Amino acid sequence: MDDKASVGKISVSSDSVSTLNSEDFVLVSRLGDDTPSTNNGSDDEKTGLKVISEEGVRLKIVGNGSEQQLQKELEDVLMDPSVAELAGGGGDMAAGDRGYPTTAAPPTPQSPAPPSSAPPSAPPKLEMVLPVQSSQESQLNEQSYRVESSEASPPPDEDSVVFSKLTYLGCASVNAPRSEVEALRMMSILRSQCQLPLDVTLSVPVVSEGTVRLLDPQTSTEIANYPIHKILFCVRGHDGTAESDCFAFTESHHNTEIFRIHVFRCEIQEAVSRILISFATAFRRSANKPPLAAQAPPLTPDSDVFTFTVSLEIKEDDGKGTFSAVSKDKDRQSFKLRPGMDKKIVIYVQQTSNKELAIERCFGLLLSPGKNVKNSDMHLLDLESMGKSSDGKSYIITGSWNPNTPQFQAVNEETPKDKFMYMTTAVDLVITEVEEPVRFLLETRVRVCSPSERLFWPFSKRSYTETYYLKLKQVSRSTFKVDRYLADPSIQSDTESDLGCHNVPSPPEDEEEEDNDEPLLSGSGDVSKECAEKILETWGDLLSKWHLNLSVRPKQLPALVRSGVPEALRGEVWQLLAGCHNNDHQVEEYRTLITKESPQDSAITRDINRTFPAHDYFKDTGGDGQDSLYKICKAYSVYDQEIGYCQGQSFLAAVLLLHMPEEQAFSVLVKIMFDYGLRDLFKQNFEDLHCKFFQLERLMQEYIPDLYAHFLNVGLEAHMYASQWFLTLFTAKFPLYMVFHIIDLLLCEGISVIFNVALALLKTSKDDLLQTDFEGALKFFRVPVPKRYRSEENAKKLMELACSIKISQKKLKKHEKEYHTMREQQEQQEAPIERYERENRRLQEANMRLEQENDDLAHELVSSKIALRKDLDNSEEKADALNKELLITKQKLVDSEDEKRRLEEESAQLKEMCRRELDKSESEIKKNGSIIGEYKQICSQLSERLEKQQTANRGELEKIRLKVQGCEKCSGLFSKEGRLKVAPVSKPGVDEDPDQEKEDLQNQLREMELELAQTKLQLVEAECKIQDLEHHLGLALNEVQAAKKTWFNRTLTSIKTVTGAQGKETT
């Protein structure tokens, strides 16, 4: 069986996409509907699409096309194109491609059977019932949606282990196929949300070339198959959890980057381990053999030539703590760098031919400005990491580059416009099988832009890839030696390179071919922030004027918007166009909304991983991009409870997130939904959406009559290809450059711009569409049309054509009136019984809805009463406790007042006592002061008297000394200092008169000495009195100090301090 239908085909007659309140779309299977309908194809059944809700109420979606076509289109519109793929035909869809966790397991292929109404006794299920159709419609649907009813051929004979009593729970898309955490999470979701499990038998091969097969346990026919080499990971549920009886495996879908997980449940829990052992056996036996898709091409006669592809990627610091890949010029051969920014060099080395060589490590990453540089001119970079990629195909080396160092000055200065320079990068590798190191050399062109010119936000990695041919000479059985480096394997050069491998530059990275059946992943395409300085100046002047009066748009604004808003200014311009320049209240409301629970949380979580998977910002599970996107979708589902979250909103929210913070993005999303009328398309069973389809067909009839006639001939109606255009505003399938330009026009001119773009798409694709049939046209709209506008030039031409188409609002109003008139006529042409039945069904729906609302309100009322009773009891208990606390507090207050009065009385008594003691102390201090003063006065008088006496004595002594010195006789008896000299022995016969005079003098001297002794005695007595008085003074001072330090004085001091502070406050 073809791998594209790996989970089997499902008849559109029995499976369909349904919605409940337009908030969730799931794929379900019908049960108990094998009986033909008793309604023989009434007009109501021809034009309506019935939905049976969980209560069994039939809702009707009126369309202008057949039911299968509308159903198929809704499925294609409301599911990610990268996951929901058509298999087999226009109506056969692979259930596993839906990627919804609630998707039922792939049923056995079956023939389309006429549907019938669900029996009243059947349990309520959410499903979509296709009405009985007219013969003409049946023939058309058989032609367009024929389902193969023949049973699949039994599996070929191969060694395998067969396990029965298994239940298939469904499948979903995953971003991390080898993550056990992600696998267990999806296993839990699918097990809890699966509504229609399918009993299957599992066949696990024991050979590496085998295929895992799902078989019908009744007929042993094959339902789906998965080659072993496409199965990437197998895991079982943890013991002790609800998933302990489950296991799952992930597989690569269609050899692309889309991965799916398939979940099974075992009736016998012990069998889970045996199944995993069988998978492990197959994996081990396939580990030594490369898968068929990955086997190297047959070796050429020159089998000693090894081919390598080496890719270079430069990353710059984006100012947010992360490094983003730098952009390249339109020719994609010249890297554009910013000066002064830290950079990283990332090298990817992959061997593409001959026997695989094992890269052991990298021992050097070198860089140098210029071309044809010498070894000595190369500068070694710091290695950050090295090792194999997650898929094991490439060896990745990352090094840090600081351009501010002097040796890199040449590539850190602004390059003149329209010029570039060369940069050489070399990586030295140690290869296990090669004796000497191998160097790969890359010479790339770079251009250093000025900070003002450098306006770029990389939306995808841009690398420079070159191919190398290495000729090795075998030295021994397992080792080689480098023989020579070849520029081309067909050239046998005898010279070797000085630096390393010569290379042949690979051609520029061309876009994928349009004939590829894989649809374009959402979020694809690069949008450069570069813009001509003149255009930026024009926009700058316009924004300056606009900010002066935000209520009035400038006159030249529409003309500038038609040319496209510069990418660097889109965030600001979009908010101004939407009128969100003053939205502080909505920002606060958003922060409140994200804290609330959303009833559609599971649907939002399921869709986040499928939104813009090709974009770096949104591709990581649990990353910042997905987290912000989840918050916005959740907040809107709580904000707009009538519509809630609708699949397709996440794409529009993602586009806004790429240009502004999440709070502002939420505000602009609300404006687009409400003020621009996008939410009206989801209301009233998509009635307004069908009106848009009618208007588009009328415009086609006017502008493109030949294509309109062709679509009529093949039975292709607008809702089959244009639903996604209106519901997602072209954001889900088309490249980002085109999407951003459409949002420019939408915010400036309104939602009618969608008609302009749709007509432009149809005009540019008219020649191709005229050559297609029904199925070919559908495929053309799904795959080639979006891919055609990956080229910026094609997208610009398309938007110019769209802007040149003039569609008046008067004309659209006219077509809208025609549609409503036609709808009224259709209703009037209905038979009375049918009309009454339809009205009865509508009333029943309303009644059931009202009853459900009544039940919900009653439940809420009871819950509210219980909650209020509980709150009241709690409040009464709190009131009693508070009353008790109040009484206690009052008693404490009374006690505190009594204590206050008592303390006031004591304070007054203490103040009086202190005052008396203060007066007494002051009087004592005065008395002591007077005694001290008198004592000091007496001391000073005695000192003065003593000094006078000493002065007088010294004067008299000086007079006596002068007289003695003046006397000839006396001078001989006394020395100059006044001391008495020893008298010489008198000789006999000397005259006795001198002796008498000498005796007189001695008497006078003794009198004077006596008087001097008395004076000295008086001086000593005076000094003693002074010392006594000083002693008394010291005692008095000590008593004063002791009196000051008493408890009384301390209390007095504190009272004075408090009284002084209160006096200051009063003042």
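The values are calculated or read from the model by the stated rules, or taken from the named source; none is laboratory data. Everything numeric here is computed off the predicted structure, so don't read it as measured data. Glycine gets a Cβ as well: all are built from the backbone with ideal geometry, and neighbour counts include every protein chain shown. All accessible areas refer to the heavy atoms of the entire protein, side chains included, with ligands and DNA or RNA removed. Shrake-Rupley method; radii C 1.70, N 1.55, O 1.52, S 1.80 Å.
In the range 697-723, the residues that are within 23 Å of Phe734 (Cα to Cα) form Cβ pairs under 7 Å with partners that are of a type in the set (Val, Ile, Thr), at six or more places apart or across chains, as follows: Leu699/Ile807; Ser723/Val77.
Name the one entry in Arg842, Arg835 that is touching a strand residue (DSSP E or B) at 6+ places or on another chain (Cβ under 9 Å) and open to solvent by 70 Å² or more (accessible area, probe 1.4 Å).
Details: Arg835 fails: touching a strand residue (DSSP E or B) at 6+ places or on another chain (Cβ under 9 Å).
The conditions single out Arg842.
The condition of being over 30 Å from Leu1029 (Cα atoms), open to solvent by less than 80 Å² (accessible area, probe 1.4 Å) and not basic (Lys, Arg) does not hold for Ser923.
Apart from one condition, Met423 fits all of (1) modelled with pLDDT of 85 or more; (2) open to solvent by 30 Å² or more (accessible area, probe 1.4 Å); (3) within 12 Å of Val446 (Cα to Cα); (4) within 36 Å of the chain's Cα centre (by Cα); the exception is (2). Being open to solvent by 50 Å² or more (accessible area, probe 1.4 Å) and over 30 Å from Ala732 (Cβ atoms) is the filter here; which residues of the range 524-541 pass it? Listed by number, the residues that qualify are Ala532, Glu533, Lys534, Glu537, Thr538, Asp541.
Within the range 769-792, take every residue that is among the charged types (D, E, K, R) and open to solvent by less than 40 Å² (accessible area, probe 1.4 Å) and give me the one that is farthest from Met738 (Cα to Cα). Here the residue is Arg782. Please go through the range 834-858 and give me each residue that is within 18 Å of Gln684 (Cβ to Cβ) and basic (Lys, Arg), ordered by number. Matches in the range 834-858: Arg838, Arg841, Arg842, Arg849. Figure legend. Inter-residue proximity from the range 958-972: first residues within 16 Å of Glu999 (Cα to Cα), second residues outside any helix (DSSP H, G or I), beta-carbon distance below 8 Å, spacing 6+ or different chains. Indicated pairs: Val964/Phe974; Val964/Gly978; Gly972/Lys981. Residue check: Gly340 meets all listed conditions (1) more than 37 Å from the chain's Cα centre (by Cα); (2) at pLDDT 80 or above; (3) surrounded by fewer than 18 Cβ atoms within 10 Å (Cβ to Cβ) but one, namely (1).
Those residues that are open to solvent by 10 Å² or more (accessible area, probe 1.4 Å) and of a type outside the set (Ser, Thr, Tyr), I need them from the range 671-686; list them, please. Outline the logic, then answer.
Taking the range 671-686 as the starting set, the residues that turn out to be open to solvent by 10 Å² or more (accessible area, probe 1.4 Å) are 671, 674-677, 679-680, 683-685.
Correct list: Lys671, Phe674, Asp675, Gly677, Arg679, Asp680, Lys683, Gln684, Asn685.
Do we find that Val446 is touching a Phe, Trp or Tyr at 6+ places or on another chain (Cβ under 7 Å), surrounded by fewer than 18 Cβ atoms within 10 Å (Cβ to Cβ) and modelled with pLDDT of 85 or more in this structure?
On the way: touching a Phe, Trp or Tyr at 6+ places or on another chain (Cβ under 7 Å): yes; surrounded by fewer than 18 Cβ atoms within 10 Å (Cβ to Cβ): no; modelled with pLDDT of 85 or more: yes.
No: the conditions fail for Val446.
Rundown of residues vs (1) open to solvent by 50 Å² or more (accessible area, probe 1.4 Å); (2) within 20 Å of Ser450 (Cα to Cα); (3) touching a strand residue (DSSP E or B) at 6+ places or on another chain (Cβ under 9 Å), yes/no style:
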{"residue": "Ala358", "(1), (2), (3)": "no, no, yes"}
{"residue": "Gly364", "(1), (2), (3)": "no, no, yes"}
{"residue": "Ser368", "(1), (2), (3)": "no, no, yes"}
{"residue": "Met386", "(1), (2), (3)": "yes, no, yes"}
{"residue": "Tyr395", "(1), (2), (3)": "no, no, yes"}
{"residue": "Asn404", "(1), (2), (3)": "yes, yes, no"}
{"residue": "Glu413", "(1), (2), (3)": "yes, yes, yes"}
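Just one of the listed residues (Thr281, Thr219, Thr211) is modelled with pLDDT of 80 or more, hydroxyl-bearing (Ser, Thr, Tyr), more than 25 Å from Ala172 (Cβ to Cβ) and open to solvent by 10 Å² or more (accessible area, probe 1.4 Å), and it is Thr219.
Residue by residue, here is whether (1) without any contact (Cβ under 8 Å) to a residue 40 or more places away in the chain; (2) surrounded by 21 or more Cβ atoms within 10 Å (Cβ to Cβ); (3) within 10 Å of the chain's Cα centre (by Cα) holds:
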site: Pro599; (1), (2), (3): no, no, no
site: Ser602; (1), (2), (3): no, no, no
site: Asn609; (1), (2), (3): no, yes, no
site: Phe612; (1), (2), (3): no, yes, no
site: Tyr617; (1), (2), (3): no, no, yes
site: Gly623; (1), (2), (3): yes, no, yes
site: Leu629; (1), (2), (3): yes, yes, yes
site: Ser637; (1), (2), (3): no, yes, no
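List the helices (runs of 4 or more DSSP H) that sit entirely inside the range 747-854 and contain at least 3 residues that are without any contact (Cβ under 8 Å) to a residue 12 or more places away in the chain and of a type outside the set (D, E, K, R). I'd like the intermediate steps shown before the answer.
Details: elements: 753-764, 766-769, 774-782, 784-788, 792-804, 809-829.
Qualifying helices (runs of 4 or more DSSP H): 809-829.
Taking residues in the range 155-169 that are over 14 Å from Glu222 (Cα atoms), and partners anywhere that are of a type in the set (Asp, Glu) and at pLDDT 85 or above, the pairs with Cβ atoms closer than 6 Å and at least 6 places apart or on different chains are Lys165/Glu267; Thr167/Asp199.
Of all residues in the range 644-661, those being in a helix (DSSP H, G or I) and at pLDDT 90 or above number 8.
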